[in-house]
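Take a look at the structure set out below.
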Amino acid sequence: MASPVIDVHTHMLTQGWLDLLAEHGGKYRLETVKGGLKAIHLEGAPFMTPVAPMFDYDLRIKTMSKVGVDIAILSLSCPNVYWGSAEISLKAARIMNDDMAGAQKSWPDRIRWMASLPWQHEALALAELRRACDAGAVGVMVLANIDGKSLTDPSFAGIWKEIDRRALPVLVHPSAPPGVSEMAMDEFQLTAPIGFTFDTSLALARCVYDGFLDRYPNLKLIGSHGGGAVPYLIGRMDICWHNIPAAAAKTKEPPSAYMSRIYVDSVVFKQSVVQMCVEVCGEDNLLYGSDYPHTIGDMEGCLSRINALDGKARDKARGGNARRIFGL
């Protein structure tokens, strides 16, 4: 019997969240892009395009059934809830967490979800984490930069400590990286193909070099989009650790030794890259993800590349690994 298929990288929105962003998003603006859709922009660069399927749970379930996906572990996409006042940020998180908790109640065999938190406000974030876990959250969603701050910033230490205590998986998802205007990422909508992977790569590399995974031994980080460029760059990260004292200042082992602690999804769109993820991170650390229903999401294609793996690696990536780390 084939293993159940679990999608760990897939998103939903609500109109309430989008309306709140439009009113209180500040530097984040909804503007029309080429093709007629409205996208969320930062510094003139579009980086997230809300599309109709993001608001349609019935369509989601039908699409999952058609493709052969058994369970979706939902998360909010970027810019998550890192905008507005403390009150607004918390309200945005609760809107999304309540919506996903409701979806799990409606489709208990098909839907799980990861909590969004107002990370900028520690006390509120910790309270919402408790509330979300009580409501059924099985993990946490965090952007690769929190309003421009790195994940290793000391101001987030209390939140990470509680997540580590709960041993929750954390999906590290990119957003528009700091400096999008300086890098002219408005051209060709470069945030999607390049900016996102840059954001994730920098976040994961910083976590490795910082000794973050030593401080939080129960932490399970999931690097979106195959971990950005980290699997491709791991050799370079190692050689720098061996030869540049600053790179080795906080860890006793080279970066490659930490790759068994980092999970990556299959949203990479090429078979050879899926294989690279297995080679660098190990077959126990690859997870099926689709990025549905983003415009470049590919539920069927991402699954076909997982199904093309050999035996045990295929079954683990289809759902075995996700069942283990999320405790499903």
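Of all residue pairs spaced 6 or more apart or on separate chains, those with beta-carbon atoms under 6 Å, a first member in segment 163-175 that is more than 17 Å from residue 7 (Cα to Cα) and a second member that is assigned to a helix (DSSP H, G or I) and aromatic (Phe, Trp, Tyr) are 174/196. There is at least one residue in segment 220-232 that is more than 18 Å from the chain's Cα centre (by Cα) and either modelled with pLDDT under 95 or not small (Gly, Ala, Ser) (or both).
Pick out the one residue from 30, 21, 13 that is free of Cβ contacts under 8 Å to residues at least 40 places away in the same chain, among the aliphatic types (A, V, I, L, M) and either at positive phi or touching a Pro at 6+ places or on another chain (Cβ under 9 Å) (or both). Walk me through how you get there before you give the answer.
Values: 21 fails: free of Cβ contacts under 8 Å to residues at least 40 places away in the same chain; 13 fails: free of Cβ contacts under 8 Å to residues at least 40 places away in the same chain.
Of the residues listed, the single one that is free of Cβ contacts under 8 Å to residues at least 40 places away in the same chain, among the aliphatic types (A, V, I, L, M) and either at positive phi or touching a Pro at 6+ places or on another chain (Cβ under 9 Å) (or both) is 30.
When you check residue 283 against the structure, is it more than 16 Å from residue 228 (Cα to Cα) and open to solvent by 60 Å² or more (accessible area, probe 1.4 Å), yes or no? Yes.
Restricting to segment 52-77, name every residue that is part of a loop (DSSP other than H, G, I, E, B) and open to solvent by less than 20 Å² (accessible area, probe 1.4 Å).
In the first step, residues of segment 52-77 are kept if they are part of a loop (DSSP other than H, G, I, E, B); the result is 56, 68-70, 76-77.
Selection gives 69, 76, 77.
Residues that are surrounded by fewer than 16 Cβ atoms within 10 Å (Cβ to Cβ) and in a loop (DSSP other than H, G, I, E, B) within segment 4-50 comprise 26, 27, 33, 34, 35, 36, 37, 44, listed in sequence order.
The values are calculated or read from the model by the stated rules, or taken from the named source; none is laboratory data. Treat the numbers as computed from the prediction; the structure is a model and nothing was measured. Using ideal geometry, Cβ is built from the backbone for each residue, glycine included, and neighbour counts are taken over all protein chains shown. Keep in mind that these areas ignore ligands, DNA and RNA; they rest on the heavy atoms of the full protein, side chains included. Shrake-Rupley method; radii C 1.70, N 1.55, O 1.52, S 1.80 Å.
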